[in-house]
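Here the structure is laid out as structure tokens; the discussion comes afterwards.
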Amino acid sequence: MSEQNKKTAPRERDIILDSIADGVFSVDDQWHITSFNRAAERITGVPYEDAIGQRCKDVLKAEICDRGCLLKKTMQTGKPVVNRTVYIVNAEGRRMPISISTALLRDEEDRIIGAVETFRDLSLEEQLRKKIEGRYSFEDIISRNHRMHELFSILPDMANSSSTVLIEGESGTGKELIAKAIHNLSPRKSRPFIAVNCAALPDTLLESELFGYKAGAFTDARKDKPGRFKLADKGTLFLDEIGDISPAMQVRLLRVLQEKTYEPLGAVESIRHDVRIIAATNKKLWDLVKEEKFREDLYYRINIVRLELPPLRERMEDVPLLVDHFIEHFNVLQGKEISGVTDEALACLMTYTYPGNIRELENIIERAFILCKSGMIDRVHLPEPVCGIAGSPEMPALDAMSFRDMEAIFLTNVLRRNSWNKNRTAQELGIHKSTLFRKLKALGIQSPGRVTEKGES
């Protein structure tokens, strides 16, 4: 090979790698990354300059890295790995499935000098599979908010108990999703998860829905009907909007929870139930107790373990994650290829207060999908209330705000929440500390007093 060809070969190789849709990276014999294509950047969220020279396990953060590295296995055995599904954690802290294949790298003298790995994002396939199966798991709850992560940390222990759980939070914050996650993490996961909206039914209908009825109990009762307690046997019963049930129904429900038995309408014998109760409300139940609108004894019966979900306006760092999630979701359902949102549209979404919380954000993105035929969702595709709001006293007017301004405001708020500790801030954001430092320098953000923090250089 001529000297000129030797110089152009690496350049051509990089062009070829960057044109591949799958992620590709190579490592040397010490597991340090030596190449990292554009698709690898896109899938992992890690820039090329942050990946090169790093150990592959520090970039991919895959569960399998510590217990059985596939690249190491290939280098030890000489055998490639083909289409092995594993989970990695991307730069945003999101757990995502990928399909991995590995192969050896050899020099001109056939000596092993490293290995190469190709990987493909399986997020859309998994999302579609879960949609078809109608299943929800812990991993479906998307957040990098510290309050949500604190909640996530106790969910497994909570799920393993049989105690009643009370979930409080505004409408649209994901109470049912949390309830389903608890169920799917519990020993009852193979049994039914049954939900009933207590606010949607009057007392007479709610009672028959919960407990069922016997044939002849009333004029139109031609045959027995099992209630939700029966359908949820050995599983989980989710009582949504429990704060809206009447005093009479509160008495009936208290007795059922205390005695672990119920009587269908028209029955003469009680039926014992084995049901885990998860209740939810968009109201402050204790306030209703003080107003004598909710029984105190029932409150203590259901408030054994209490979870409070923050509204979306208190976890705005989750908006970009949720937007990406809903875009992927609607791309699958509607067969479109929307690639994302423009900086201006994201600035609008980041300054809106979301009275309808996550459900409202999902509706906003669904509406945008109707109006946006292809490409990226822009400001014009968003409803007027989202982009027509006035800025807060601490925030410049939206029309005068660039995405750079929006990013600076967002990072400053997260830093303040973490008392300007950059290690904790980077951890909450799910990015490498060096990436955070680079962003702060570019945006001109400095710590008050420039105090040196423990563990920082």
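Here are the numbers for this structure:
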item: Among the candidates VAL332, VAL268, VAL275, residue that is at negative phi and either modelled with pLDDT of 90 or more or crowded, with 16+ Cβ neighbours inside 10 Å (or both); result: VAL275
item: Hits in region 241-279 (condition: farther than 20 Å from GLU176 by Cα and in a strand (DSSP E or B)); result: THR261, TYR262, LEU265, ILE271, ARG272
item: Candidates LEU166, LEU210, LEU151 - the one that is under 23 Å from the mean Cα position of the chain (by Cα) and at pLDDT 90 or above; result: LEU166
item: Identity of the residue in region 216-240, in contact with a strand residue (DSSP E or B) (Cβ under 8 Å, 6 or more places away or on another chain) and assigned to a loop (DSSP other than H, G, I, E, B), that ends up modelled with the lowest pLDDT; result: ALA217
item: Meets criteria (of a type outside the set (Asp, Glu), surrounded by 16 or more Cβ atoms within 10 Å (Cβ to Cβ), closer than 15 Å to LEU309 by Cα and free of Cβ contacts under 8 Å to residues at least 60 places away in the same chain) for LYS180; result: yes
item: Residue check, ARG144 part of a loop (DSSP other than H, G, I, E, B), out of contact with any strand residue (DSSP E or B) (no Cβ under 7 Å at 6 or more places or on another chain) and either surrounded by 17 or more Cβ atoms within 10 Å (Cβ to Cβ) or of a type in the set (Asp, Glu) (or both); result: yes
item: Qualifying positions in region 308-329 - surrounded by fewer than 17 Cβ atoms within 10 Å (Cβ to Cβ) and within 17 Å of ILE142 (Cβ to Cβ); result: ARG313, GLU314, GLU328
item: Unique match (being at pLDDT below 80, of a type in the set (S, T, N, Q) and outside the structural domain of GLU49 (by TED's automatic domain parsing)) among SER402, SER434; result: SER402
item: Selection count where residues are of a type in the set (Phe, Trp, Tyr), in contact with a strand residue (DSSP E or B) (Cβ under 9 Å, 6 or more places away or on another chain) and outside the structural domain of ARG379 (by TED's automatic domain parsing), scope region 295-342; result: 1
item: Residue among LYS180, LYS175, LYS260 that is farther than 30 Å from ASP318 by Cα, modelled with pLDDT of 90 or more and out of contact with any helix residue (DSSP H, G or I) (no Cβ under 8 Å at 6 or more places or on another chain); result: LYS260
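The values are calculated or read from the model by the stated rules, or taken from the named source; none is laboratory data. Keep in mind the model is a prediction, meaning the values are calculated, not measured. Because the Cβ atoms are built from the backbone with ideal geometry, glycine has one as well, and the counts that use them run over all protein chains shown.
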